[in-house]
Protein chains: 2
Amino acid sequence: MTIKIGILGYGNLGKGVECAVKHNPDMELAAVFTRRDKESLNILTPGVKVCSVQEAESMKDEIDVMILCGGSATDLPVQTPEFAKCFNVVDSFDTHARIPEHFEAVDAAAKEGGHVGIISVGWDPGMFSLNRLYGNAVLPEGNDYTFWGRGVSQGHSDAIRRIEGVKDARQYTVPVEAALRAVRDGENPELTTRQKHTRECFVVVEEGADLKRIEEEIVTMPNYFADYDTTVRFISEEELMRDHKGIPHGGFVIRTGKTGWENEHSHVIEYSLKLDSNPEFTASVIVAYARAAYRLSKEGAAGCKTVFDIAPAYLSPLSGEELRKHLL
Amino acid sequence: MTIKIGILGYGNLGKGVECAVKHNPDMELAAVFTRRDKESLNILTPGVKVCSVQEAESMKDEIDVMILCGGSATDLPVQTPEFAKCFNVVDSFDTHARIPEHFEAVDAAAKEGGHVGIISVGWDPGMFSLNRLYGNAVLPEGNDYTFWGRGVSQGHSDAIRRIEGVKDARQYTVPVEAALRAVRDGENPELTTRQKHTRECFVVVEEGADLKRIEEEIVTMPNYFADYDTTVRFISEEELMRDHKGIPHGGFVIRTGKTGWENEHSHVIEYSLKLDSNPEFTASVIVAYARAAYRLSKEGAAGCKTVFDIAPAYLSPLSGEELRKHLL
C-alpha cells in the first residue's frame, strides 16, 4: 500500500515534491492540481493526471495527503485551512510572525474535517526550528544563532527586479565568516543585523539605464538592504544565465551553552545545511512529513501540527525495530 | 509543580545530572541513590538526601523520574528493567549492538509497572541518532557518516591503563580532517576505519618501564588500536594532570544526498557537537528527556521509548504556543 500524494501548485516547490515522491518507494503521485489551464501543464511523472483545482474535492478518496505548494503571502493562509477540511495536508508556510494565526485556522479546519494538517515544514521553518528547539531543551542556559546562506533569496531578488531599469537580478544572502567564527568559538557575541549577513546583488539592466541611481536605490531600500552591507555588481544577461541559474541555499543553527555546577563548561551544537536546490530540499522535508501526516491520520489523529509535535520515527519508512537496530 | 528527579549512581554522569537539574527551574533533585556507603557520599545540592539503593522502592511516591547513571556493560541491563517496574526511568545505555534486547526487557517491565522508560539517551546514542534518522528521512538517496572526536575515550584510556608498567593514560579519538573534508564536499567516499579516525595516547609510565614494549602493546592491541593510526606520547604525571584533566568530546553526523528528477542536485546536512564535558552534556540531554518521560507518563503512556519515539515539544518547558511563536 503506497501513500497517495496530491500536489497543489506546480511551481519550483511543486516540481520538487514530484521529484521527492519519486525518491520514496512507499509513495506515489496521484495527481497534480493547478489553477492554471491544466492542458498547458507538462509534469514529469508519466501517466499521472493534471487536474484543475476545482476537481480536487471530488477526488478526496484518491489522495492520502495533499501537499500545498503555494506561497505564504496569499495562497496558503486561504488554501491550507480550506483543504484541511477534506484532506490531510502539509504546507511550508514560512511567514514566521503569522504562524500562530495560521496554526489556529488550520487546526479548526482540520479538526472539523477529521484530518491532520502539518504546517511550516521545510528547513526554516522546519529542520532549523527543530534544531533550535532541541538546542534550547538540552542547553537551557545559552544563546541561539541562526545564519542563512550562502544562498539565493527570492524575495530580495524580486525587490531588485521591481526597480526601474532592472531587467533581472539575483540576490545572495551571505553569512559573515567572522561572526560565525566568534559564535563557534563560544564568544557569545551580540550581533547586529549588519554583523551577521551581507547581501550580494547581481543585476542585469536595460540599455542606457542609470547604474548609479539603481545601485543607490538597492543599497538604501528599507527592510531589504538598508541594514546590511550590500554589494551590487552589474552583469550581462548571459552571465546571469551562466553563473546564477541555480537556487542554492543553506545556513547554520548554532546553540552555545554552559553546564556544570558553576557554569564551568562550554558546549557548541551546530547544525548546517549546504543545499544545491532550495525548493527540492524543502520538498524533500515536506514529503517526509507527508508520511507522518498519513500515519498520524491512520492512528486517528486530527488537527494542526508542526514539526515540534511529531515524533521523528513517523518520518521514516523503517519500522521501530529497524530504526533501533540501524540508526540508534 | 516541579518534576522530582532521582539519581541512581553518583559518578561523572550522576554528578552531571545533578548539575543539569540545577539549570532547569521546572525540576528539583529529590534524592541520590548509591550502592556505596551513603555516609561517604558528598553531593553538591544542599539539603538533598543521599539514600542507599535499597531504600528506593519505598520512596517511589517522592520521585517522578529516576535517572539511571550506571554503566552499560553490567549495571543498566539489570537496573533499567528492574527500576522501570516502580519508576519512570531514563538511561544512557550505549552498547549499540544490544539495544534491541535492552529495549524488549525495559518495555516489558515498564508496561508491567505502568511507567515510561526512555533508553539510550545522550549524544550517541541520542542526538546523533536523531540526526541520522532525520537525515535519512529527508534525503533517502544518500550516505551517512558519523565521526567522533576530538575527545577522550574512556574505554580506550582504560585499555591502556591495564598494560603492565602504565600508571595512567588518556586516549583521544580524532577525526581525520581530510576524510571530513571529502564528505563535506559531497565526494561520498567509502572510508575504512583507519581513514576516518586516528588515536592519540598520552601515557604515564612507572619508573624503569620498557617504553618500546608498551608502545608496541598499545598500537597492536586488537579492536582498540590495531586498525588505527595510533600515536603514543609518554608524558609525566604532572603534564597529564595539567593538560589532560578534562573529558571533552564531540563529533559530526553528516548526511549527503541527492534530489531532482535525475539526481542532479546534491545536499549536505551536518550536525556537530563540540563539548567541554562529555558526561555533563550527556546528562543535559538525559534531563530534557526526563521531562518528556514525566509528561508522557502523566498522559497515560507506558512502555519503553527511545529518542525516535518522542515528539520534540515534550523536551521543552515551553508551551506549544510559545514554541510556535519563538522557535518555529
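Going 7 Å from Cα along the Cα-Cβ axis for the label, what nanometre distances separate A:Glu216 from the same residue across the other copies?
8.2
Springs between alpha-carbon pairs under 10 angstrom, Gaussian network model over chain B: which of B:Gly135, B:Gly149, B:Gly300 fluctuates most?
Looking only at B:Gly135, B:Gly149, B:Gly300, the biggest GNM fluctuation is shown by B:Gly300.
For B:11-24, what's the mean count of beta carbons from other chains sitting within 10 Å of each residue's beta carbon?
The shielding value for this peptide is 3.
Dividing the alpha-carbon Rg of the range B:35-129 by 2.2 N^0.38 Å yields what?
1.13
Expressed as a whole number of Å, what is the distance separating the alpha-carbon centroids of the range B:201-230 and the range B:61-117?
One Cα centre to the other: 37 Å.
What is chain A's relative contact order, in percent, from Cα pairs under 8 angstrom and six or more apart in sequence?
21
Any chance you could list P(r) for the range B:82-159, counting all Cα-Cα pairs in 10 angstrom bins from zero, rounded to whole %?
Once binned at 10 Å, the Cα pair distances of the range B:82-159 give 16, 35, 31, 17, 1.
Only counting other Cβ atoms within 10 Å, I'd like A:Lys167, A:Lys196, A:Lys111 sorted with the fewest neighbours first.
So the residues, fewest neighbours to most, are A:Lys167, A:Lys111, A:Lys196.
Share of antiparallel DSSP beta bridges in chain A, in percent to the nearest 5?
50
Send over the per residue convex hull volume for the range A:127-276, Cα only, as a whole number of Å³.
104
What list of whole percents do you get for P(r) of the range B:191-310, with Cα-Cα distances grouped in 5 Å bins up to the one holding the largest distance?
2, 8, 10, 11, 13, 13, 12, 10, 9, 6, 4, 2, 1, 0
Suppose a student asked you for the relative contact order of the range A:197-278, using Cα pairs under 8 Å spaced at least 6 residues apart; what percent would you report?
For the range A:197-278, the relative contact order is 28 percent.
Around B:Asn88, which amide H atoms from residues at least 5 apart in sequence, or from another chain, sit under 5 Å from its own amide H, with H modelled in the peptide plane?
Here the answer is B:Met66, B:Val116, since their amide H atoms fall under 5 Å of that of B:Asn88.
For B:Asp229, place a label point 7 Å out from Cα along the Cα→Cβ vector, do the same in each other copy, and report the separations in nm, one decimal, smallest first.
Spelled out, the distances from B:Asp229's label point are 3.8 nm.
If neighbour count is taken as other Cβ atoms inside 10 Å, put B:Trp148, A:Trp261 in order from fewest to most.
Ascending number of Cβ neighbours within 10 Å: A:Trp261, B:Trp148.
Sort B:Ser58, B:Ser277, B:Ser157 so that the residue with the fewest other Cβ atoms within 10 Å of its own Cβ comes first and the one with the most comes last.
Arranged by neighbour count, lowest to highest, B:Ser58, B:Ser277, B:Ser157 become B:Ser58, B:Ser157, B:Ser277.
Which of the lysines could a cross-linker span from A:Lys4 if the Cα-Cα distance has to be under 29 Å and same-chain partners fewer than 8 positions apart are dropped?
A:Lys15, A:Lys22, A:Lys38, A:Lys49, A:Lys60, A:Lys85, A:Lys111, A:Lys298, A:Lys305, A:Lys325, B:Lys258
A:Asn188 label points, 7 Å along Cα→Cβ, one per copy: pairwise distances from this copy to the rest in nm, shortest first?
With the label placed 7 Å along Cα→Cβ, A:Asn188 yields 4.3 nm.
Return the single residue from B:Leu76, B:Leu41, B:Leu68 with maximal mean-square fluctuation; model: Gaussian network over chain B, springs between Cα atoms under 10 Å.
Residue with maximal mean-square fluctuation among B:Leu76, B:Leu41, B:Leu68: B:Leu41.
I need the per residue convex hull volume for the protein assembly as shown, using only the alpha carbons, in cubic angstrom as a whole number.
Enclosed volume per residue, from the Cα hull, is 176 Å³.
Express the C-alpha Rg of chain B as a ratio against the empirical globular expectation 2.2 N^0.38 Å, rounded to two decimals.
Computed over Cα atoms of chain B, the ratio equals 1.10.
Quantify how strongly other chains surround peptide A:138-147 by giving the mean number of their Cβ atoms within 10 Å of each of its Cβ atoms.
Per residue, the number of nearby Cβ atoms from other chains is 4 on average.
Build a GNM of chain B with springs between Cα atoms under 10 Å: which of B:Ala313, B:Ala302, B:Ala97 gets the top mean-square fluctuation?
Fluctuation is largest for B:Ala97.
Hey, got a sec? Which GluC sites (Glu not before Pro) in the range A:181-273 land in a DSSP loop and have at most 16 other Cβ atoms within 10 Å?
Sparse-neighbourhood loop GluC sites (Glu not before Pro): A:Glu187, A:Glu190, A:Glu206, A:Glu207, A:Glu262, A:Glu264.
The numbers here are math on the coordinates, done by the rules we state, and not lab data. These numbers come from a predicted model, not from an experiment. A quick note on method: Cβ atoms are made from the backbone with ideal geometry, for glycine too, and the neighbour counts reach across all protein chains shown.
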